[in-house]
1. Can you tell me which residue is modelled with the lowest pLDDT among those in region 53-94 that are more than 15 Å from the chain's Cα centre (by Cα) and aliphatic (A, V, I, L, M)?
2. What about I32, is it out of contact with any helix residue (DSSP H, G or I) (no Cβ under 7 Å at 6 or more places or on another chain) and either more than 30 Å from I115 (Cβ to Cβ) or at pLDDT below 85 (or both)?
Amino acid sequence: MGIRSFDGKRYYYYAHLRKDHPYAKDMCEGKIVKAGDVIGYLGMTGYSNKENVNNINVPHLHFGMQLIFDESQKEGINQIWIDVYQIINFLKKNKSEVYKAYTDTKDYERVYNIIDPRTTNGE
């Protein structure tokens, strides 16, 4: 799963999500997400030398961020790794409480809506 920034300069990707139902119920390609939105679920998927065996038994998340300085890098294999510690701390300060909205799929949704700073009334 990946999320591209509006300016196209950053690509955030998430791996090892939950098997068979990795994404939030309403997640789809092209959807705009806000800080605090539930986008996916931790899983135990991964790679292994044996087919269909991942040898991972702890839920975890592999998170990465690609910096894109020009269009030729957008789909390229070269990646610039950065320390995302400060970004994680920023996101932590802007998170929203979530609740289990759908017991059948175990999907979560945010409790509070984040106010969009680009609008005067938050709508």
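The values are calculated or read from the model by the stated rules, or taken from the named source; none is laboratory data. Just so we're clear, the structure is a prediction, and the values are computed from it rather than from any experiment. Counting neighbours? That spans all protein chains shown, and the Cβs are built from the backbone with ideal geometry, glycine included.
1. The selected residue is V53.
2. Judged against the criteria, I32 is not a match.
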